[in-house]
Amino acid sequence: MNYPDVMEKLVSLCKRRGYIFQSSEIYGGTGSVWDYGPLGVELKKNIKDRWWNAMVRSRDNVEGLDAAILMHPRVWEASGHVAGFVDPLVDCKTCKGRFRADKLEDAHCLRKPSKRPGEFSECQLTEPRQFNLMFKTFMGAVEESAATIYLRPETAQGIFVNFLNVQQSMRQKVPFGIAQIGKAFRNEITPGNFIFRTREFEQMEMQFFVEPEKAAEWFGYWKEQRMEWHRALGLTESRLQFHQHSPEELAHYAKAAFDVEFDFGGTLGFQEIEGIHNRGDFDLAQHTEFSGRKLEYFDQPNNRRYTPWVVETSVGADRVTLAVLVNAYREESVPGEEEGRVVLGLDPALAPVKAAIFPLTKKDGQPAMAHTIAADLRRQFPVDYDESGSIGKRYRRQDEIGTPFCVTVDGESASDNSVTIRDRDTLAQDRVSTTEVARYLRDKLSP
Ligand code: GAP
């Protein structure tokens, strides 16, 4: 199926409705860095909570961690990032553009009309040179004498260096995992596509430590578990697929890898949202060598000491947020109305606002009754109160931000203590007693 390209419309909706803003916009913006507004932060938090519950809280063999972003510089030598986390970069001396030498066919020249770099006769591309994607900074008061450190390009290394701390303090036995959610930074040469590829982003990573002989089996298990998680978010089945890495595509640490890909529509099409990797003993062995601390596991019953292998699941919180938004966006006509509507058909459990409460008019005590219902519901869910504009306009505003239910106090409410509850997707309206509204919503919102 050919899904439409909705990216431009989504960027505009996200700004207009408080989901996502360009960073430092009043200064002209920062390249490929985005700020989450009031609704965006709720949506992303709901996605992160979903992951944390699925990966940590519901399992007794996975522990949580929140490691620091700044780490000892030797970590990045051991991990291979200082030497190997590079992309080939070419500059164009004419348009001053910078491009990934291995992705020229997807790149656009900065001149108008835009072509591929190298396609104008005036293009002057330099020879490719290796560009390290890690951001460097200094730790210490005086720049010259301070140590060079890096902003972490993945959260995983914080887990590897804490392998023994977590295993011993929590008395875990192999197989077990460590999971964390946190910021990562990459000085991408060609960021873009809104929050798809940015220079600051959030990862949700889990390293599962296993016996070497059982790594392939656990790799298969986690591959299926992770695809199931994406389906449960409401991502359309036909928009999800696996992509197996060929030997040339494998990262320096990986023995085998599958990406979960989502079809973003238009020319972007299927793109990676998560990587599942069999990392072998690469990381623990490297840190053992570089730190001098033996990162091993002693299997007492079998009297065997070994370096565990690692199966990693690594998903970008921002990429999943984008996939959820793209998947949810739709435009449709409304029977009996000239203007159509834009709807974010988000899974109710992920929606930032669960219900909007309206008085139909500003008369007959309707606003006071609606305020009382809103205040009561707010103790349980994020809700919105709105009395401005026509009821049709208020419905459209809520449809556009993905609010699954609208509760309206009308002319009958005062006499029979009831309200209407409108379903965003079916447009059906139920008449519900005011004492039952919270229970009605709770039932509909449980995942
Ligand atoms: N620890 C393994 C690792 O970092 P990766 O495939 O480089 O593997 C994992 O990244 C996930 O992180 C990707 O699937 C993607 O969702 C997210 N990610 C990576 N680079 C990103 C970027 N520049 N912007 C947004 N998300 C990114």
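The values are calculated or read from the model by the stated rules, or taken from the named source; none is laboratory data. None of the values given here were measured: they were computed from a predicted structure. Cβ atoms come from the backbone with ideal geometry, glycine included; neighbour counts cover every protein chain shown. Please note that ligands, DNA and RNA were not included when accessible areas were found on the heavy atoms of the full protein model with its side chains. Shrake-Rupley method; radii C 1.70, N 1.55, O 1.52, S 1.80 Å.
Kindly provide the helix-only [θ] at 222 nm of the chain, computed as the sum of -39,500 (n - 2.57) over DSSP H runs of four or more divided by all residues, to the nearest 500 deg cm²/dmol?
Result for the chain, helices only: -8000 deg cm²/dmol.
If packing is taken as the average count of other Cβ atoms within 10 Å, what order do 19-25, 426-432 fall into, highest mean first?
19-25, 426-432
What order, most packed first, do the peptides 27-35, 72-80 have when packing is the mean number of other Cβ atoms within 10 Å of each residue? Please list the in-between numbers first.
Values: 27-35: 13.8, 72-80: 17.6.
In decreasing order of mean packing, 27-35, 72-80 become 72-80, 27-35.
Counting only heavy atoms of the protein chains, get the accessible area per residue of region 346-405 (1.4 Å probe) and round it to a whole Å² value.
With the other protein chains kept in place, region 346-405 gives 41 Å² per residue.
In a Debye calculation with equal point scatterers on the alpha-carbon sites of region 115-241 and no solvent, what is log10 I(q)/I(0) at q = 0.11, 0.19 Å⁻¹?
One equal scatterer on each Cα of region 115-241 leads to -0.69, -1.22.
Suppose R0 equals 41 Å; then what is the FRET efficiency for THR361 and ALA232 from their Cβ-Cβ distance, rounded to the nearest 0.05?
Once rounded, the FRET efficiency stands at 0.50.
For region 176-239, with every protein chain kept in place, what is the accessible area per residue (1.4 Å probe, Å²)?
I get 35 Å² per residue for this part.
Would you work out which of PHE298, MET369, LEU268 lies farthest towards the positive end of the dipole of region 243-370? Charges go on Cβ: Lys and Arg +1, Asp and Glu -1.
Going by the charge dipole, the pick is PHE298.
Give me the extension gain from PHE21 to ARG116: residue separation times 0.36 nm, minus the current Cα-Cα distance, reported in nm with one decimal.
31.3 nm
What do you get when you divide the Cα radius of gyration of region 108-176 by 2.2 N^0.38 Å, with N the number of residues?
In units of the globular-protein estimate, region 108-176 measures up at 2.05.
Treating only the Cβ of Lys, Arg, Asp and Glu as charged (+1, +1, -1, -1), what charge dipole size does region 45-192 show about its Cα centre? Round to the nearest 20 debye.
420 debye
As I understand it, the dipole of the chain uses +1 on the Cβ of Lys and Arg and -1 on the Cβ of Asp and Glu, about the Cα centre. Which of SER114, GLY97, THR403 lies farthest toward its positive end?
Of SER114, GLY97, THR403, it is GLY97.
Quick check: at a probe of 1.4 Å, how many percent of the accessible area of the chain sits on carbon and sulfur atoms? It would help to have the intermediate numbers written out before the result.
Values: 10610 of 21750 Å².
On the chain, the fraction of accessible area on carbon and sulfur atoms equals 49 percent.
Using the charge dipole of region 174-249 (Lys, Arg: +1 at Cβ; Asp, Glu: -1 at Cβ; taken about the Cα centre), state which of GLN244, PRO212, GLN180 has its Cα farthest towards the positive end.
Of GLN244, PRO212, GLN180, it is GLN180.
Under the definition of Cα pairs under 8 Å and six or more residues apart, what whole-number percent is the relative contact order of region 64-203?
Reported as a whole number, the value is 26 percent.
Could you state the principal axis extents of the C-alpha atoms in region 268-329, from the largest down, to the nearest angstrom?
That gives 56, 29, 16 Å along the principal axes, largest extent first.
Provide the per residue accessible area, probe 1.4 Å, for region 3-101, rounded to a whole number of square angstrom.
That works out to 51 Å² per residue.
Under the Kirkwood approximation applied to all pairs of distinct alpha-carbon atoms, what is the hydrodynamic radius of region 364-439 in Å?
So the Kirkwood estimate lands at 12.8 Å.
So if the hydrodynamic radius of region 22-175 is defined as the Kirkwood radius over C-alpha pairs, what does Stokes-Einstein give as its diffusion coefficient at 10 °C and 1.306 mPa s, in µm² per second?
80 µm²/s
For the chain, take the convex hull of the Cα atoms, compute a quarter of its surface area, and give me that in nm², please.
Orientation-averaged projected area of the Cα hull: 27.8 nm².
Please state the relative contact order of region 36-131 as a whole percent: Cα pairs under 8 Å, 6+ residues apart?
Details: 80 pairs, mean separation 20.4, N = 96.
Result for region 36-131 is 21 percent.
Run the numbers on region 248-396 and let me know its relative contact order in percent, using alpha-carbon pairs under 8 Å that are six or more apart.
Relative contact order, region 248-396: 14 percent.
Alpha carbon centre of region 1-74 versus region 76-145: separation in Å?
So the two Cα centres are separated by 25 Å.
Could you give the size of the charge dipole of the chain about its Cα centre, using +1 on the Cβ of each K and R and -1 on the Cβ of each D and E, expressed in debye and rounded to the nearest 20?
Magnitude of the dipole: close to 720 debye.
How many angstrom separate the Cα center of region 155-234 from the Cα center of region 235-256?
Cα centroid to Cα centroid, the span is 15 Å.
Please label the shape of region 1-56 as rounded, prolate or oblate, based on the square roots a ≥ b ≥ c of the eigenvalues of the alpha-carbon gyration tensor (a/c under 1.5 means rounded; beyond that, a/b larger than b/c means prolate, else oblate).
oblate
How far is helix 317-328 tilted, in degrees, relative to the longest principal axis of the Cα atoms in the chain, given as a value from 0 to 90 rounded to the nearest 10?
Compared with the principal axis, the helix lies near 40 degrees.
Give the long-range amide H neighbours of LEU268: residues separated by 5 or more places, or on another chain, with amide H under 5 Å away, using H modelled in the peptide plane at 1.01 Å from N.
Distant-sequence amide H within range of LEU268: zero hits.
Sort region 1-96 into rounded, prolate or oblate with this rule: let a ≥ b ≥ c be the square roots of the eigenvalues of the Cα gyration tensor; rounded if a/c is under 1.5, and if a/c is not under 1.5, prolate when a/b is larger than b/c, oblate otherwise. Don't skip to the answer; put the middle values down first.
Details: a/c = 1.87, a/b = 1.07, b/c = 1.75.
Since a/c reaches 1.5 but b/c is at least a/b, the shape of region 1-96 is classed as oblate.
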